[in-house]
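See below for the structure under consideration.
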Amino acid sequence: MTMSLRTKLSLAFVLITVTLVLSIGVLANFLLEKNFREYVIENQKKKNTEVVMRISQQYTDSNKWRMDVIEAIGISSLEEGLILKIKGSQGDVIWDATQHNSGLCQQMIYHMARNMMSRYPNWQGGYVVDEYPVMRKLTQVGSVEIGYYGPFYFTDSDLHFINDLNIALLWITLFALTISLLFAAVISKKLSLPITRVIHDAQMIAKGDYTLKSAERSNTKEIRDLTAAVKDLAKTLEVQENLRKRLTADVAHELRTPMTTLQSHIEAMVDGIWKPTVERLKSCHEEIIRVNKMIGDLHLLAKFEGEQLPLNQSTFDVGDMIHSIIINFQGQFRNKGINIEYTQRKQMIHADPDKMRQVLVNLLSNALKYTPKEGKVFVDVESNKDMVEIIVKDTGQGIGQEDLPYIFERFYRADKSRNRMTGGSGVGLTIAKAIAEAHGGRIEVKSEMNIGTEFKVILPK
Ligand code: ADP
């Protein structure tokens, strides 16, 4: 079941509030009830002993009962729910509340039973009589029977107190619920609004509109991160989209030039305008080679940019490998009057030797292509605790800052017309980067126009 953030948050808040208030209510009632019972029972005992004491004081030195005071005590006790029966030492009845006002006594007991039943519907209480001796100078002069509703009872004010407390708890529940719903509404609005905007942005991206208009400024970290991630995604997709468009345009352009040349040359020869001389056929052949090279590059690229580049790894001395590659290139560097410097150093790495060779060949052939006569190329290997860095640095034409972010993209060439003459097709660095990344490494580049370029292949040992 899908639920909106707002509903979910509101439900959570309500659940927490209800659970909290209910637990507090139940606990408060439980503790109150327990303490209240003890208090009421204790109070009952106290009242009884007090009544007995007061009655014992009404026995005069002349062995007589002060009947008027005893009656007053009996009546006031009756009002408090105590039904007294005072007997003399011979068991003769001195004063009896039931005889004094039997109707009131019954009404009293009935009233208390009703009080208790209203609170505990299954209350098993009844009329209890406690008998106390009345002592005068260490001799028993009579006894008092105190009858009341037992084992204990709540008076009207006790019941009022408990009910008031529960009503207060009910109000607190309602108040807490309202507040929590308000909070839930505010918080969920604060949360859901930016998320809704981000969803809208993502939908716009899906439709191909990368110009995100909503500038979401939330103070929630996750939402900020989400917005930033979506923005990055839009940017990456836009770059990819542009590259894809340019790639198609580039491939079409690259193919058209040799094809047009071929077409016009062959047409001229078919029409008899041109004689098919060896030079003309050679020039046609060169164009075909160019097209073929390009198709080859596309193939190579597809292979290296495939899902998972299979690596055939072994441990070898990369210093030695660089040395052998430089030997192969030496003739070409010498022909162009470029000085190449390399101090061989032993450096073991665990990598795919064929693929690492490809990376170095690509970097060195670029250094050769983009460094003018009398330039210099430096190659070096450095290492730290867990990384090996292969550095290829030249004093060549450099790469403009505007081109630097794109040189690793397929078919990207910083200076299209010039680089075409150098025979580059713009996939060498893409392949080198794919290989470095397949090894868990990366390639970094630093360059300045007309000063030179430095490529750093960083690989884990
Ligand atoms: P290409 O086959 O065109 O050399 P790469 O992918 O190897 O393709 O290089 C991409 C682009 O990066 C080149 O076209 C060139 O503009 C630039 N580039 C690469 N290496 C160098 C370098 N050492 N000096 C100057 N520019 C370079």
**Report entry** Hits in region 387-408 (condition: touching a strand residue (DSSP E or B) at 6+ places or on another chain (Cβ under 6 Å), of a type in the set (Asp, Glu) and more than 10 Å from the ligand (Cβ to nearest atom))
**Finding:** GLU389
Query raised in the report: Quick one: PHE411 ticks every box in (1) at pLDDT 90 or above; (2) on the phi > 0 side of the Ramachandran plot bar one, so which box is it?
Result: (1)
**Report entry** Failed item, numbered, when GLY375 is tested on (1) within 27 Å of LEU243 (Cβ to Cβ); (2) within 12 Å of the ligand (Cβ to nearest atom); (3) not aromatic (Phe, Trp, Tyr)
**Finding:** (1)
Query raised in the report: Of the residues that sit in region 333-355 and are away from the ligand (no atom under 16 Å from the Cβ) and crowded, with 18+ Cβ neighbours inside 10 Å, which one is farthest from ALA436 (Cα to Cα)?
Result: GLN347
**Report entry** Any hit, region 43-53, residues being touching a strand residue (DSSP E or B) at 6+ places or on another chain (Cβ under 8 Å), over 30 Å from TRP171 (Cβ atoms) and at pLDDT below 90
**Finding:** yes
**Report entry** Candidate set from region 54-87 (those that are out of contact with any Leu (no Cβ under 8 Å at 6 or more places or on another chain), hydroxyl-bearing (Ser, Thr, Tyr) and part of a helix (DSSP H, G or I)); member that is surrounded by the fewest Cβ atoms within 10 Å (Cβ to Cβ)
**Finding:** SER76
**Report entry** Filter result for THR196 (in contact with an Asp or Glu (Cβ under 8 Å, 6 or more places away or on another chain), within 28 Å of LEU9 (Cα to Cα) and at pLDDT 85 or above)
**Finding:** no
Query - Answer from LYS231, LYS190, LYS207 - the residue that is free of Cβ contacts under 8 Å to residues at least 60 places away in the same chain and surrounded by 15 or more Cβ atoms within 10 Å (Cβ to Cβ) - result: LYS231
Query raised in the report: Can you tell me how many residues in region 44-63 are free of Cβ contacts under 8 Å to residues at least 12 places away in the same chain and farther than 16 Å from SER76 by Cβ?
Result: 4
Query - Looking only at region 369-380, and only at residues there that are buried (at least 21 other Cβ atoms within 10 Å of the Cβ) and among the hydrophobic types (A, V, I, L, M, F, W, C), the one that is farthest from ALA351 (Cα to Cα) - result: VAL377
Query raised in the report: Which number in (1) in contact (Cβ under 8 Å) with a residue 40 or more places away in the chain; (2) within 11 Å of the ligand (Cβ to nearest atom); (3) surrounded by 15 or more Cβ atoms within 10 Å (Cβ to Cβ) marks the one condition that LYS433 misses?
Result: (1)
**Report entry** Meets criteria (surrounded by 14 or more Cβ atoms within 10 Å (Cβ to Cβ), in a helix (DSSP H, G or I) and more than 27 Å from the chain's Cα centre (by Cα)) for VAL239
**Finding:** yes
Query raised in the report: Condition test on ASP403, is it of a type in the set (D, E, K, R), touching a residue at least 40 places away in the same chain (Cβ under 8 Å), out of contact with any Lys or Arg (no Cβ under 8 Å at 6 or more places or on another chain) and surrounded by fewer than 18 Cβ atoms within 10 Å (Cβ to Cβ)?
Result: no
Report summary line: Scanning region 163-193 residue by residue, the ones that are of a type in the set (Val, Ile, Thr) and at pLDDT below 85 total 1
Query raised in the report: Which one of the conditions (1) in contact (Cβ under 8 Å) with a residue 60 or more places away in the chain; (2) within 7 Å of the ligand (Cβ to nearest atom); (3) assigned to a loop (DSSP other than H, G, I, E, B) does PHE411 fail to meet, given that it meets all the rest?
Result: (2)
Query raised in the report: Looking at (1) within 16 Å of the ligand (Cβ to nearest atom); (2) touching a residue at least 12 places away in the same chain (Cβ under 8 Å); (3) among the polar types (S, T, N, Q), which is the one condition that is false for SER314?
Result: (1)
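The values are calculated or read from the model by the stated rules, or taken from the named source; none is laboratory data. From a predicted model like this one, the values you see are computed outputs, not experimental measurements. We place every Cβ from the backbone using ideal geometry, glycine too, and count neighbours over all the protein chains shown.
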